[in-house]
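Engineer: First the structure, which I've put down as structure tokens, then a few questions once you've had a look.
The values are calculated or read from the model by the stated rules, or taken from the named source; none is laboratory data. Values in this document were obtained by computation on a predicted structure and should not be read as measured data. All Cβ positions, glycine included, derive from the backbone under ideal geometry; neighbour counts span all protein chains shown. In case anyone asks, the SASA skips ligands and DNA or RNA and just uses the protein heavy atoms, side chains included. Shrake-Rupley method; radii C 1.70, N 1.55, O 1.52, S 1.80 Å.
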Amino acid sequence: MVYLDNAATTYPKPIPVIASMSRAMVNYGGNPGRAGHKLSMETAQAVFTSRLKCAEFFGAEPENVIFTLNCTHALNLAIKGIISPGAHLITSDIEHNAVIRPVHAAAKENGNSYSIARTTNNEDETVRNFEKLINARTKAIVCTSASNVTGKILPLKRLAEVCKKHKICFIIDAAQGAGVIPMKLSDGINIICTAGHKGLYGPMGTGLMITDGKFRLRTIIEGGTGSFSKEIEQPEVLPDRFESGTINTCGAIALGAGIDFVNEKTIDRIYRHEHSLCELFYNEMKLNNKKVKVYTDTYEHNRVPLVPFNIGSMDSTEAAALLSKQGFYLRGGFQCAYMAHKKMGTQEVGAVRFAPSAFTNRHDVMMFIKAVNRISTKNTKAL
Amino acid sequence: MALIVLKSMTEAGKARYHLEKFKINAIVEKLTLPGGGCGYGVRVKEDPDKVCRQLSLVNIECVEIR
């Protein structure tokens, strides 16, 4: 089996992540931040250690690291937390549904609205397209760090400057970028939302909302936090304000081990490794297989390592199913990002997404290339 | 030993982490907040005022010293 669906979730997980998860299940069984007994306090310490690792990774204070269930959860907390009646949000035309759906839902209520900025291959133009949509009611720019369909990286530092200039919040969906491209709050990003189970190599069911604390967010979930229990109001103090109910303790602890893995490998080496594998696949298809369509003109460095492609006129889901039968696991369809597919011209068939990880090797990719060549020879006419 | 009341469990963990760097041993404890309700703090052997001054250097506010 060769797993190439790492943009959905990385697999396999590093052995220390598995060991950490298992240790947490065995040794950290108390509910953190609730009781004062030894098991609860030891679990709380283990969670804090992981929180600190996440904080250092993104250049935040530990209390500003909120453990969530996934990136979508984090984005909902940020997007619905930043708006007030009459608010206006700006997003891009390549967003995942994790951004566009909560933005769209928020815009149905209280006179809220949103605008979609057109992204292009020209950074200046992209930044201008965002800035010209800002008005007096704009509360935030919410956009992806990198498209989960095309891999395109948005000019985050420049967009952060625009937000700072207009005193609005800059929220990013870092699901595809975290662990692959460097990003810190010091880049001017106010809120980083990310999955824990993708480029950070943590378990599924983990995510993060990391804030610089400059923008107060209202809550969309309230409940028990183990603190200020006599008060009926949700606490202001972070992370308690956004961590009502018991968190995924074992997942949060194991996420710390995932961050250790990324730190040890380094983001730069992971990026270069995965990028070289994408380049290998891209060049083989572009040069030697005219029946395969890859959706970028060249394989540039301003994208996270993934390659969308289709085999002839075959539906992408069908192509992914044929690949699966041969032991290659990839995702076809729209990857929950129809806007990006519309922009790429694949709104009818979607695309198969080649997404390697730190564990993928050149042999895996060569085998995969052979499988794509076999399928394209047998099943398609030339494009 | 003095008990320094802090704003949250996470803040208590952060306080312990920074105090270790200052070679001050601190134990995180669950306690009741002023006015009631669950809270957390750190128990230290050192002069609590001095500890609070150290904590203020890393933006941790001592709510109360017991």
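Engineer: Sort out for me the strands (runs of 3 or more DSSP E) sitting completely within chain B that have 1 or more residues that are open to solvent by 60 Å² or more (accessible area, probe 1.4 Å).
Structural biologist: On the way: elements: B:2-6, B:26-32, B:38-44.
In chain B, B:26-32, B:38-44 are the strands (runs of 3 or more DSSP E) which contain 1 or more residues that are open to solvent by 60 Å² or more (accessible area, probe 1.4 Å).
Results for (1) without any contact (Cβ under 8 Å) to a residue 12 or more places away in the chain; (2) more than 14 Å from every other protein chain (Cβ to nearest Cβ); (3) closer than 14 Å to B:MET9 by Cα, shown as yes or no for each residue.
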site: A:GLU42; (1), (2), (3): no, no, yes
site: A:PHE57; (1), (2), (3): no, yes, no
site: A:ALA60; (1), (2), (3): no, no, no
site: A:THR68; (1), (2), (3): no, yes, no
site: A:ALA78; (1), (2), (3): no, yes, no
site: A:ILE82; (1), (2), (3): no, yes, no
site: A:HIS88; (1), (2), (3): no, yes, no
site: A:GLU95; (1), (2), (3): no, yes, no
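Engineer: Out of the residues in the range A:171-224 that are of a type in the set (Asp, Glu) and assigned to a loop (DSSP other than H, G, I, E, B), state the one that is most open to solvent (accessible area, probe 1.4 Å).
Structural biologist: At the first step, the residues of the range A:171-224 found to be of a type in the set (Asp, Glu) are A:173, A:187, A:212, A:222.
Going one step further and asking which of them are assigned to a loop (DSSP other than H, G, I, E, B), we end up with A:212, A:222.
Details: A:ASP212: 43, A:GLU222: 109 Å².
Among those that are of a type in the set (Asp, Glu) and assigned to a loop (DSSP other than H, G, I, E, B), it is A:GLU222.
Engineer: Exactly one condition in (1) without any contact (Cβ under 8 Å) to a residue 40 or more places away in the chain; (2) under 16 Å from the mean Cα position of the chain (by Cα) is false for A:LEU208; which is it?
Structural biologist: (1)
Engineer: Name the residue that is surrounded by the most Cβ atoms within 10 Å (Cβ to Cβ), counting only residues in the range A:287-299 that are of a type in the set (S, T, N, Q) and closer than 16 Å to A:VAL372 by Cα.
Structural biologist: Out of the qualifying residues, it is A:ASN289.
Engineer: Out of everything in the range A:215-253 that is away from chain B (no Cβ under 11 Å) and among the polar types (S, T, N, Q), what residue ends up being farthest from the chain's Cα centre (by Cα)?
Structural biologist: My answer is A:GLN234.
Engineer: Within the range A:229-266, can you find the residues that are touching a Lys or Arg at 6+ places or on another chain (Cβ under 9 Å) and at positive phi?
Structural biologist: Within the range A:229-266, none qualify.
Yes/no matrix, rows are residues, columns are (1) within 23 Å of the chain's Cα centre (by Cα); (2) surrounded by 14 or more Cβ atoms within 10 Å (Cβ to Cβ):
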{"residue": "A:ARG269", "(1), (2)": "yes, no"}
{"residue": "A:CYS278", "(1), (2)": "yes, yes"}
{"residue": "A:HIS301", "(1), (2)": "yes, no"}
{"residue": "A:LEU306", "(1), (2)": "yes, yes"}
{"residue": "A:GLU318", "(1), (2)": "no, yes"}
{"residue": "A:GLY327", "(1), (2)": "no, no"}
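Engineer: Can you run down the residue pairs with Cβ atoms below 9 Å, 6 or more apart or on separate chains, where the first is in the range B:35-59 and polar (S, T, N, Q) and the partner is surrounded by fewer than 18 Cβ atoms within 10 Å (Cβ to Cβ) and part of a helix (DSSP H, G or I)?
Structural biologist: Qualifying pairs under 9 Å: B:GLN54/B:HIS18.
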